[in-house]
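The numbers here are math on the coordinates, done by the rules we state, and not lab data. It should be emphasised that the depicted structure is a prediction, and the values quoted were computed from it without experimental measurement. For neighbour counting, all protein chains shown are included, and Cβ atoms are generated from backbone atoms with ideal geometry for every residue, glycine included.
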Amino acid sequence: MTFDLWALFATLVLAMVQIGLASILTVRQLGPDWVLGPRDQPRETSGRTGRVVRAHRNLLEIFPQFVAALLIIHFAGEAGQLSAVGAWTFFVGRLLYVPAYVFGPTGLRPLCWQIGQVGILIILADIFF
């Protein structure tokens, strides 16, 4: 398996860890009755639990673009060192995003988000370089 696909695998594991953590914290905050029930009345999580949930949602929003970039580069037969660097840059940005969102000072979260975006651009740059 190529290095960029290993980064995709690592990002998938990160997403699974995030949903697990978000689920555990949501049950603790909102209670098992609400979580296991029909959820007819929506409730929002707050504090650190809310930040963990939102960090996971943010990963879900950007994950399709990451996968699409890797598919494009692989179907074009252009996957190489640059796409591997980009994929791992994306992963590191997303990995840092979680604690930056949950615990970090103002301004750190957007920086980590940008690292992930730059990673996707680096992947796509492999088509041209």
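Observations on the structure shown:
- Sparsely packed loop sites in region 47-107 (the chymotrypsin sites (Phe, Trp or Tyr not before Pro) outside DSSP H, G, I, E and B with at most 15 other Cβ atoms within 10 Å) comprise 103.
- A DSSP coil position with no more than 14 other Cβ atoms inside 10 Å describes the following trypsin sites (Lys or Arg not before Pro) in region 8-74: 39, 43.
- Per DSSP, loop GluC sites (Glu not before Pro) in region 44-107 with at most 12 further Cβ within 10 Å: 44
- Counted by neighbouring Cβ atoms within 10 Å, the residues 126, 33, 40, 4 run from fewest to most as 40, 33, 126, 4.
- Computed over region 3-125, the ratio Rg/Rh where both radii use C-alpha atoms and Rh is Kirkwood: 1.06
- Sum of -39500 (n - 2.57) over DSSP H runs of 4+, divided by residues of the chain (222 nm, nearest 500): -27500 deg cm²/dmol
- Residue among 58, 108, 83 farthest towards the positive dipole end of the chain, charges placed on Cβ: 108
- Contact order normalised by residue count of the chain, Cα under 8 Å, 6+ apart, percent: 31
- Dipole check for the chain: with +1 at the C-beta of Lys and Arg, -1 at the C-beta of Asp and Glu, and the Cα centre as origin, the magnitude is about 520 Debye.
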